[in-house]
Amino acid sequence: MAKNKPEKDLRFERFGTKGFTATTKVNDFIDRLEAGQVCGTKCPGCGQRFFPPRADCPDCSGAGPMEWFQVEGEGKLATYSVLRYAPQGFEQDLPYAIAVADYGDYKLFGRLSHFGPEIEPGCPVTTRAVSLPDGRVAYEFVPQGQQ
Amino acid sequence: MGRVAIIGVGQSAFVRGYPGSIKELAFEAFREAMDDAGLQRGDIQGSLICSAPEYDRQRSPAGVIAEYCGLNPQPTAYVESLCCSSTTGVRMAYGMITGGLHDCMMVLGFQKMSEITSAETQERMGRGADIQWESPFGTMMPAYYAMFARGFLHRYGASEEDLARIRVKAATYGQINEKAVYRKPVSLEQCMIADPVADPLKVFDCCANADGSSALILASEEKVRELGIEKPVWLMGLGSASAPVNLALRDEFSGFDVARQAASQAYGMAGVGPKDIDVAEVHDCFTIAEMMAYENLGFAEPGGGPELIRAKETYKDGSIPVNVDGGLLSKGHPIGATGGSQVRTIVLQLRGEAGAMQVKDPAVGLVHNVGGVGLYANVLVMGR
Ligand SMILES: [Zn+2]
């Protein structure tokens, strides 16, 4: 009886160290991340760029499906913090840093690859896709000179 | 539009591991507020029950709490906006009273954080963000506030000692508040050598979790007169705003625009400015939160917060006393009860009934209550 049930698209469950969302209309983000691209979406109607990627433009009606754009080049580290305690499921990553990278038009929230007293807000960063154990995928910000 | 007053306030002691159910916890504040106002339960025409549901085992807590307090068959409903749930309850009750639906309402906030195990708490902490785009990176509340602390310290050249001074002040008053969960003094040195939680925040930069409840009774001007309430405290201004959850969609990491907007609305409605505030309760879930509040509420110029605390201007005898009940840092932060407890402190201050914590003859008070990491903010201005 369950034969004709369409298979669920759970690709997003593989995002990050531990996933909390399995299904979203922007699941293609995961395929792009696996191909090494960190992508946001762009509205074909008004041209706004969105990160995190979203399926719907809040300003346009009937503009058609969102387009993808790749996050490229240098952003600036807006701020970060280094965790010494972690929520359940992240303990093995400690210590790690979460950060915001500012690309002007848009910003990204994610992990910072390196941290220490020399890493300050304003420092240039690039964003790269990373592969985690068990087929999981994520992205991180890399401070200038730490590639 | 008629005026609305707070005519009764109550609060349980804020404790670790409350030895009773959520109904019994909520009842403690309810009973105190009813006695304070001198009302019978039939006088309450409706109730709003406020908490953060991730800590509750009980589904739809409004039902069991209204039942236990004897508030059937009057309408009741549940209100949630994280750590500012109970001031959102005040805002809703204000609207229902001025809209003419009721002329006397109960806003009951509670949180029994020990209701769930610490493993469950750990699990829920990770979901306190945008679960799609932030939680997979391993986030929690102290780390978010630490990002603002780094942003603030970097932007204004302030130091971690400046943040620690806020904790020292909180502990000064936590010692004299018999309902506070943390009653011990804290020195600057203790703050500075404490273990890091999320750099640059350390253990004493973080508030004390607690179980607790708060209750506020709101009434229309007509009802205040009818009941012959001697010391009503009037809600003069109410402001509220929201911001994106995901920090990628914020513009600033050294303050909360959501609080600036709520403050501006509340000041405008009350016809007062920051200089007119005689006593304030601000949302100090972390030391950095109080530091940012100084500027966001207009008590200091941008970047002037560190000087304000260094000069002890926010102590009881300073120019703008802030959190002289110990604040969330020492009094404790039972999420759903916090806003109501802040309002209670200001009501007692304005009535001149704050005991050892009393500020000299205040006429206008302010409450600043933030939900999430500057996700929701409520600001209330109150007067005699
Ligand atoms: Zn658009």
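Just to verify a number: what accessible area does B:Met125 come out at with the full protein assembly present, 1.4 Å probe, Å² rounded to tens?
Roll a 1.4 Å probe over it and B:Met125 shows about 60 Å².
Antiparallel DSSP bridges in segment B:238-384: what percent, to the nearest 5? It would help to have the intermediate numbers written out before the result.
Values: 13 of 17 bridges.
Beta bridges within segment B:238-384, antiparallel portion: roughly 75 percent.
May I ask you to evaluate 6.51 cos²θ - 1.76 cosθ + 1.60, the Karplus curve with θ = phi - 60°, for each residue of segment A:83-97 and list the ³J(HN,Hα) values in order in whole Hz, giving x for glycine and proline?
Those phi angles translate into 7, 10, 10, 9, x, 4, x, 10, 4, 5, 8, 5, x, 9, 10 Hz.
Holding the Cα-Cα limit at 23 Å, pick out from B:Lys23/B:Lys223; B:Lys184/B:Lys316; A:Lys18/A:Lys42 the pairs that are longer than that. Walk me through the intermediate numbers first.
Working: B:Lys23/B:Lys223 28 Å; B:Lys184/B:Lys316 18 Å; A:Lys18/A:Lys42 27 Å.
Going by Cα-Cα distance, B:Lys23/B:Lys223; A:Lys18/A:Lys42 fall outside the 23 Å limit.
Which of the three applies to segment A:1-94, rounded, prolate or oblate, going by the alpha-carbon gyration tensor with a ≥ b ≥ c and a/c under 1.5 meaning rounded? It would help to have the intermediate numbers written out before the result.
On the way: a/c = 2.24, a/b = 1.12, b/c = 2.01.
It is oblate, given that a/c is not under 1.5 and a/b is not larger than b/c.
With θ set to phi - 60° and the Karplus curve 6.51 cos²θ - 1.76 cosθ + 1.60, what are the ³J(HN,Hα) couplings of segment B:179-190 in order, to the nearest whole Hz, using x for Gly and Pro?
9, 7, 7, 10, 9, 8, x, 9, 8, 4, 4, 4
Whenever you get a sec, compute what percent of the accessible area on segment B:1-152 sits on carbon and sulfur atoms (1.4 Å probe).
Numbers: 2790 of 5530 Å².
Within segment B:1-152, the accessible surface is 50 percent carbon and sulfur.
Tell me, what is a quarter of the convex hull surface for the C-alpha atoms of chain B, in nm² with one decimal?
Details: hull surface 67.8 nm².
Quarter of the Cα hull surface area: 16.9 nm².
Enter the accessible area of B:Asp276 (Å², nearest 10), with the probe set to 1.4 Å and all protein chains included.
B:Asp276 has an accessible surface of roughly 70 Å² with all protein chains in place.
Please find the FRET efficiency linking A:Cys60 to B:Ser159, where r is the Cβ-Cβ separation and R0 is fixed at 45 Å, and quote it to the nearest 0.05. Can you show the working numbers first?
Numbers: r = 47 Å, r/R0 = 1.04.
Step by step, r from the Cβ atoms, then E = 0.45.
Can you give the Kirkwood hydrodynamic radius of segment B:43-200 from its Cα pairs, in Å with one decimal?
Working: mean 1/r = 0.0529 Å⁻¹.
After inverting the mean inverse Cα-Cα distance, the result is 18.9 Å.
Would you calculate the separation in nanometres between label points at B:Asp361 and B:Met269, each defined as 7 Å from the Cα along the Cα-to-beta-carbon direction?
Computed distance between label sites B:Asp361 and B:Met269 equals 3.0 nm.
By a straight-distance test (C-alpha under 14 Å), which aspartates and glutamates pair with B:Lys312 as possible cross-link partners, with residues fewer than eight away in the same chain excluded?
Hits, sequence-local ones excluded: B:Glu161, B:Asp162, B:Glu290.
Using alpha carbon centroids, what distance separates segment B:4-62 and segment A:46-122, in Å?
Centre-to-centre (Cα) distance: 40 Å.
Quick one: putting +1 on the C-beta of Lys and Arg, -1 on the C-beta of Asp and Glu, what dipole do you get for the protein assembly as shown around its Cα centre, in Debye to the nearest 20? Walk me through the intermediate numbers first.
Values: 51 positive and 64 negative charges, 111 e Å.
In total the dipole reaches around 540 debye.
Answer rounded, prolate or oblate for segment B:283-328, using the Cα gyration tensor with square roots of eigenvalues a ≥ b ≥ c: rounded when a/c is under 1.5, else prolate when a/b is larger than b/c, else oblate. Mind dumping the intermediate values first?
Details: a/c = 1.75, a/b = 1.07, b/c = 1.64.
Here segment B:283-328 falls in the oblate category.
Quick one: plug the Kirkwood hydrodynamic radius of segment A:60-147 (C-alpha pairs) into Stokes-Einstein at 4 °C, 1.567 mPa s, and report D in µm²/s.
On the way: Rh = 14.4 Å.
D, rounded to a whole number, is 90 µm²/s.
For the pair B and A, how large is the buried accessible area, both sides, in square angstrom to the nearest 100, if the probe is 1.4 Å? It would help to have the intermediate numbers written out before the result.
Working: alone 14820 and 9080 Å², together 20750 Å².
The B and A chains share an interface burying roughly 3200 Å².
Can you put B:Arg150, B:Arg127, A:Arg32 in order of accessible area, largest first, using a 1.4 Å probe?
Working: B:Arg150 45, B:Arg127 105, A:Arg32 80 Å².
So, going from the largest accessible area down, we get B:Arg127, A:Arg32, B:Arg150.
Along the charge dipole of chain A, Cβ charges K/R +1 and D/E -1, which of A:Pro95, A:Thr23, A:Pro124 sits furthest on the positive end?
A:Thr23
On a straight-distance basis, which aspartates and glutamates could pair with A:Lys107 in a cross-link, Cα separation under 16 angstrom, same-chain partners fewer than 8 positions away excluded?
List returned: A:Glu72, A:Glu74, A:Glu140, B:Asp130, B:Glu134, B:Asp251, B:Glu252.
Can you list, bin by bin at 10 Å, the percent of alpha carbon pairs in the protein assembly as shown, starting at 0?
4, 19, 28, 24, 17, 8, 1, 0
PRE reach from B:Asp195 (point 7 Å along Cα→Cβ): which of segment B:99-130 fall under 17 Å by backbone N?
Residues passing the 17 Å test: B:118-119, B:122.
Write out the cysteines belonging to chain A for which the nearest other cysteine Cβ is not under 4.7 Å, or none if no such cysteine exists.
For chain A, the answer is A:Cys39, A:Cys46, A:Cys123, because their Cβ atoms have no other cysteine Cβ under 4.7 Å.
Assign one of three labels to segment B:224-296, namely rounded, prolate or oblate, based on the Cα gyration tensor with a ≥ b ≥ c the square roots of its eigenvalues; rounded applies when a/c is under 1.5, prolate when it is not and a/b is larger than b/c, and oblate otherwise.
Working: a/c = 2.44, a/b = 2.15, b/c = 1.13.
It comes out prolate by the Cα gyration axes.
Using only Cα atoms and rounding to the nearest 10 degrees, what angle (0 to 90) does helix B:85-98 make with the longest principal axis of chain B?
Helix B:85-98 sits roughly 40 degrees off the main axis of chain B.
Under the Kirkwood approximation applied to all pairs of distinct alpha-carbon atoms, what is the hydrodynamic radius of segment B:1-96 in Å?
Values: mean 1/r = 0.0708 Å⁻¹.
Mean inverse Cα-Cα distance, inverted, gives 14.1 Å.
Around A:Tyr96, which amide H atoms from residues at least 5 apart in sequence, or from another chain, sit under 5 Å from its own amide H, with H modelled in the peptide plane?
Answer set, sorted by chain and number: A:Leu83.
Provide the per-residue ³J(HN,Hα) series for segment A:12-21, in order, calculated from phi with Karplus coefficients 6.51, -1.76, 1.60 and θ = phi - 60°, each as a whole number of Hz, with x at glycine and proline positions.
With the stated coefficients, segment A:12-21 comes to 5, 4, 8, 7, x, 4, 8, x, 10, 10 Hz.
Roughly how many Å² is the accessible area per residue of segment A:1-143, as a whole number, for a 1.4 Å probe?
Values: 7190 Å² over 143 residues.
In whole numbers, segment A:1-143 has 50 Å² accessible per residue.
The values are calculated or read from the model by the stated rules, or taken from the named source; none is laboratory data. The structure displayed is predicted, hence computed values, not measured ones. Quick reminder, even Gly has a Cβ in these numbers, built from the backbone with ideal geometry, and neighbours come from all protein chains shown. For accessibility, only protein heavy atoms count, side chains too; no ligands or nucleic acids. Shrake-Rupley method; radii C 1.70, N 1.55, O 1.52, S 1.80 Å.
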